[in-house]
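K.L.:
Here you go, one structure.
No lab work stands behind these numbers, since they all come straight from the coordinates. What you are looking at is a predicted structure, and each value in this text was computed from that prediction instead of being measured. Here the Cβ positions follow ideal geometry from the backbone for every residue, glycine too, while neighbour counts run over all protein chains shown.
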Amino acid sequence: MPLTGRAVYSRKALAENAKAIDMTFLRAKGFFDCTAGTNWTSSWTRRGEPWGTVSYWREDCHGEPFLFWLSYNFRKEGDDWHPLKYAVEMESTRCHFGGVRHWFICPLVLNGRPCRRRCRALYLGASEYFGCRECQRLTYQSRRNHRDKFWELCGKHDHYLEKAYSKYRTPRGRKAKARRCRMLALADHRRLYGEVWLARSWAIAR
């Protein structure tokens, strides 16, 4: 399993370390089941210390989520705190097998052009407003690991094993069982290849 291509390095900040409001989290907590206008609050911590709080609520139009209102305090380095209150558009799409999926519409404007990208999560990065991951110039940790030799050969199989045992601990249905078997087989293959690569590297070093 030779590695091809060049390594990908990025100076972007990590999305995992940014303040985020995820649509999946809102749906799991029942945000769309409550009455429109109900006030919700999310807070973040960093190293055990409070890192920010934001309040938000939903505004419906003809029974469908239409606006996502945000209210919080923000300050740039060296400046005073100032309150912000604005709305982010929302959009709903029908799923192929039933149900509805909700999206945020990115409100940021870059180079004079509105983004309006449909996204699942809003992030608060260098800008004082929430926006999509692309506008905030954020990346995922998994993309930093891409094509890293140590990760590909030594760390990736642990990730696959952990995911297989946690997500598919008690698989239900034929597809879930097949998915678990494929992930375990792939993790075992990468483990064997990583051990061979480490043995060869150790032999060459000696």
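K.L.:
Net charge around THR35, counting only other residues with Cβ within less than 12 Å of its Cβ (Lys, Arg = +1; Asp, Glu = -1)?
P.N.:
On the way: positive: ARG58; negative: ASP33, GLU59, ASP60.
Local net charge: -2.
K.L.:
Would you order LYS85, LYS19, LYS29 from fewest to most other beta-carbon atoms within 10 Å of each residue's own beta-carbon?
P.N.:
Ascending Cβ contact count within 10 Å gives the list LYS85, LYS29, LYS19.
K.L.:
Using label points projected 7 Å from each Cα along Cα→Cβ, tell me how many nm separate LYS29 and HIS62, to one decimal.
P.N.:
3.0 nm
K.L.:
Compute the distance in nm between two label points, each set 7 Å from the Cα along the Cα-to-Cβ direction, one at ARG118 and one at GLN141.
P.N.:
Between ARG118 and GLN141, the simple spin-label model gives 3.0 nm.
K.L.:
Still on this model: Using per-residue counts of other Cβ atoms within 10 Å, averaged over each peptide, order 125-136, 105-116, 71-82 from highest down.
P.N.:
125-136, 105-116, 71-82
K.L.:
Any number yet on Rg/Rh for the stretch 13-139, C-alpha, Kirkwood? Before the final figure, lay out each step's value.
P.N.:
Values: Rg = 15.0 Å, Rh = 15.6 Å.
Value, to two decimals: 0.96.
K.L.:
Moving on. Determine the alpha carbon to alpha carbon distance for each of LYS29/LYS175; LYS12/LYS85; LYS19/LYS85 and list only those over 24 Å.
P.N.:
Working: LYS29/LYS175 27 Å; LYS12/LYS85 27 Å; LYS19/LYS85 17 Å.
Cα-Cα > 24 Å for LYS29/LYS175; LYS12/LYS85; rest within.
K.L.:
Would you mind ranking TRP51, TRP44 by Cβ crowding within 10 Å, fewest neighbours first?
P.N.:
On the way: TRP51 11, TRP44 14.
In increasing order of surrounding Cβ atoms, one gets TRP51, TRP44.
K.L.:
On a full-extension model of 0.36 nm per residue, what is the gain between ALA13 and ALA87, subtracting their alpha-carbon distance, rounded to one decimal in nm? It would help to have the intermediate numbers written out before the result.
P.N.:
Details: separation 74, 0.36 × 74 = 26.64 nm, distance 2.52 nm.
Working it through step by step, the gained length comes to 24.1 nm.
K.L.:
So what's the net charge close to VAL54: Lys and Arg +1, Asp and Glu -1, counting the other residues with Cβ under 11 Å from its Cβ? All intermediate terms of the calculation are to be shown ahead of the outcome.
P.N.:
Numbers: positive: LYS19, LYS85; negative: none.
The answer is +2.
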